[in-house]
Protein chains: 2
Amino acid sequence: MYKAKINVTLKKSVLDPQGKTVLQAVHSLGFHSAQEMRVGKYFELSLNSTDRVKAEQELKAMCAELLVNPVIEDYTFQLEEVR
Amino acid sequence: MYKAKINVTLKKSVLDPQGKTVLQAVHSLGFHSAQEMRVGKYFELSLNSTDRVKAEQELKAMCAELLVNPVIEDYTFQLEEVR
């Protein structure tokens, strides 16, 4: 059993109006140390794969086919074994 | 300069219809090893705080006041120094 955490963000070259708006809101609350903000999606899922390599393969396929738009988005994931 | 990564998820006790729908879609694509799915938000921001303790304090305050709804959401964050 594996637990996967996937973070999806817009690519650096893609404008992120949502992030800009949140940054403005953060500033208006008085947090002027915040410099740059990007907003993305987060997926947490468990996989009952037998081995790590297979879990990783499936995860990458899921991201490519459904969870991530590779044209405008990047993703990172962490995979940890759960007993 | 610090870089913060914040993951926000619905609490375990709160129903996540979006996660359920994504899980169904993942299954319909043939990934039957996926067991449970929760969907959340992801924020990436940079802070020009002078020290780690202050950066952490500001981050927690931002989450409490704007980024997270503490009634139904939980969050985790990572803070790393960038030069």
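The numbers here are math on the coordinates, done by the rules we state, and not lab data. Just so you know, these numbers come straight off a predicted model, no measurement behind them. Cβ atoms come from the backbone with ideal geometry, glycine included; neighbour counts cover every protein chain shown.
Data overview
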quantity	calculated
The stretch A:29-70-the stretch B:47-83 distance, computed between alpha-carbon centres (Å)	20
Size descriptor, Kirkwood hydrodynamic radius, that averages inverse alpha-carbon separations across chain A, Å	14.5
Extended-chain gain in nm, criterion 0.36 nm per residue less alpha-carbon gap, B:GLU80 and B:LYS3	27.2 nm
Inter-copy separations for A:ARG83, label at 7 Å along Cα-Cβ, nm, ascending	3.9
Mean Cβ count within 10 Å, highest first, over the residues of peptides A:8-20, B:30-42	B:30-42, A:8-20
Helix-derived mean residue ellipticity, 222 nm - over chain B, DSSP H n ≥ 4, -39500 (n - 2.57), to 500	-8500 deg cm²/dmol
Positive-end residue of A:ASN69, A:SER46, A:HIS27, charge dipole of chain A with Cβ unit charges	A:HIS27
Size of electric dipole in chain B: Cβ of Lys, Arg +1 and of Asp, Glu -1, about Cα centre, debye, nearest 20	120
Exam field: A:LEU29 pseudo-label spacings to other copies (7 Å along Cα-Cβ), nanometres	3.3
Least to most buried among A:GLU80, B:GLU56 (fewest other Cβ within 10 Å first)	A:GLU80, B:GLU56
Pairs beyond 21 Å (Cα-Cα), from A:LYS11/B:LYS12; A:LYS12/B:LYS20; A:LYS12/B:LYS12; A:LYS11/A:LYS60	A:LYS11/B:LYS12; A:LYS12/B:LYS20; A:LYS12/B:LYS12
Calculated label separations, B:GLU65, copies of the chain, 7 Å along the beta-carbon direction, nm	4.5
Of all chain A residues, the one whose C-beta is nearest the axis that brings A onto B, in angstrom	A:TYR42, 2
Neighbouring partner chain Cβ atoms per residue of A:55-68, average, 10 Å criterion	3
